[in-house]
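Novice: Supplied in structure tokens, the structure appears directly below.
The values are calculated or read from the model by the stated rules, or taken from the named source; none is laboratory data. A quick note: this is a predicted structure, and the numbers were derived from the prediction, not measured. Note that each Cβ is placed from the backbone with ideal geometry, even for glycine, and that neighbours are counted across all protein chains shown.
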Amino acid sequence: MNPLAQELNTVLAGTIADSLFSDLGKRIYFPNGIIAQSGEAKKLGKTANGTIGMTVIDGHPVMLDSIHKYVPDLSEGELVAYAPTAGNPDLRNLWKEKIIEKNPTLKGKSISTPVLVPGLTAGISYLADLFLDNTNTLLAADPSWDNYALVCEARRNSTFHQFVMFKDGAFNLEGFEKAVKEEAKSGSVRVLLNFPQNPSGYSPTTAEAEKICAILKEVAEGGAKVLAISDDAYFGLNYEDSIFPESLFSRTCDLHPNILAAKIDGPTKEDFVWGFRCGFLTFGNAQMSEEHYQALVTKLMGVIRSSVSCSSTPPQSLMLRAMKEGTMDKQKAELRKVLEERYKIVRNFVDTHKSSVLEPMPFNSGYFMSFEVKGKDAELLRQKLLKEDGIGTVAIDSKTLRVAFSSIEKDKLTLVYKAIYKAAEAL
């Protein structure tokens, strides 16, 4: 094993992270190579800096006028220079402030500084690199976003287990508890919870969220090592007052020493900048110190360095400027109203229409809602809608049809849902 990996493992020895690492998580390190040496030279190389592979004139990276003219307000460094492996430090610190602002119970709790990753999918993939291999299992809801299985099974050769998400029109706490306790028999639990959930568009009530955390705490108290991943891609898009208003991360980050909490979030959905491919990964644990967090972040940097090297600079620069400007929250609130209005139209429609084929899954937040397709193949329904009505939907699996009301204009929603119900009955 590389001495740098051994050094990080020594720092993390005895921590919950050390107990949960995959084979790759144990081996990975951040090399003392070009990036590290370039950082030293940036601080100390006053005469000249011949470390970084950029073309520099008069102390600044060069940039073509044909590029700069489209974003004239940003400097060369903000547009074309390499970003640090872990992301722009000012943006990372500001995002941490915003996480605490949006999750007030995090105030005073020990969490890492968020690491910038190239999209939330990358964050999930990097967590899988660090903590999943063919000796363990990832637990998630059924239905789930198809990328979870792809990352878990195809990339990491791990096992993807699911629990039925709903029972009697609510979160299936009984099924969740049974699945978690079954996983705990192996000595560890790796669970990924996504709220608002893709594809169902559901977020737990405050009572459900507290029970979810109580279940995780119970198995941790029993000796199981727990990785609790919160995929917060659609955070804040809640349309009912009963929803737990914070991320589960705000509870799991110091719930028990045997629980390592990881939060994946970012502006792509929250701030309506989908193509920016800009996400953040944050860790929390009741007993990890700043030294521990830094060692864990360094391992994460090794994963980033060995895959994409670093994230794209322009999105980071644009987000930092926009967040500092102070008008984002007001603009986001207006767009959130648009989504909530669409949600209410869909809510009213499915509450007043019945079908022998379609059963709406519980939904109260986010971008989506889904139907359970009874006795028929969701893919057949998807194809029928597309070919005969020109309406695009997604068959998540054989029994789940997802509709993104976020991308349907409000004056078309009733037309679309009438067509979905009609097509389902025609099958």
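Novice: Of Ser311, Ser306, which residue is in contact with a strand residue (DSSP E or B) (Cβ under 9 Å, 6 or more places away or on another chain), in contact (Cβ under 8 Å) with a residue 60 or more places away in the chain and not charged (D, E, K, R)?
Specialist: The match here is Ser311.
Novice: Scan segment 243-281 for residues that are more than 12 Å from the chain's Cα centre (by Cα) and among the small types (Gly, Ala, Ser) and jot them down.
Specialist: Scanning segment 243-281 gives Ser250, Ala261, Gly275.
Novice: In addition: Condition first: assigned to a loop (DSSP other than H, G, I, E, B), in contact (Cβ under 8 Å) with a residue 40 or more places away in the chain, of a type outside the set (Val, Ile, Thr) and closer than 20 Å to Leu173 by Cβ. Can you find one or more residues in segment 220-227 that meet it?
Specialist: Yes.
Novice: Considering only segment 50-104, give the helices (runs of 4 or more DSSP H) lying wholly within it that have at least 1 residues that are under 17 Å from Pro118 (Cα atoms) and not assigned by TED's automatic domain parsing to the domain that holds Gly123.
Specialist: 76-79
Novice: Now for a different question. Would you mind telling me which numbered condition in (1) charged (D, E, K, R); (2) under 27 Å from Ile124 (Cα atoms); (3) at pLDDT below 95; (4) outside any helix (DSSP H, G or I) Asp329 fails?
Specialist: Of (1) charged (D, E, K, R); (2) under 27 Å from Ile124 (Cα atoms); (3) at pLDDT below 95; (4) outside any helix (DSSP H, G or I), only one is false for Asp329: (4).
Novice: Listed residues Ala5, Ala17, Ala13, Ala86; which is among the small types (Gly, Ala, Ser), loosely packed, with under 13 Cβ neighbours inside 10 Å, modelled with pLDDT of 95 or more and out of contact with any Pro (no Cβ under 6 Å at 6 or more places or on another chain)?
Specialist: Just one listed residue meets the conditions, Ala13.
Novice: Take the residues in segment 375-394 that are surrounded by fewer than 19 Cβ atoms within 10 Å (Cβ to Cβ) and in contact with a strand residue (DSSP E or B) (Cβ under 6 Å, 6 or more places away or on another chain); name whichever of them is nearest to Tyr239 (Cα to Cα).
Specialist: By that ranking, first place goes to Val394.
Novice: For segment 17-29, what are the residues that are touching a Lys or Arg at 6+ places or on another chain (Cβ under 6 Å) and either part of a loop (DSSP other than H, G, I, E, B) or among the aliphatic types (A, V, I, L, M) (or both)? Outline the logic, then answer.
Specialist: First, the residues of segment 17-29 that are touching a Lys or Arg at 6+ places or on another chain (Cβ under 6 Å): 19-20, 28.
Within segment 17-29, Leu20, Ile28 meet the criteria.
Novice: Which of the residues that make up segment 368-398 are in a loop (DSSP other than H, G, I, E, B) and touching a residue at least 40 places away in the same chain (Cβ under 8 Å)?
Specialist: Passing the criteria: Phe368, Lys376.
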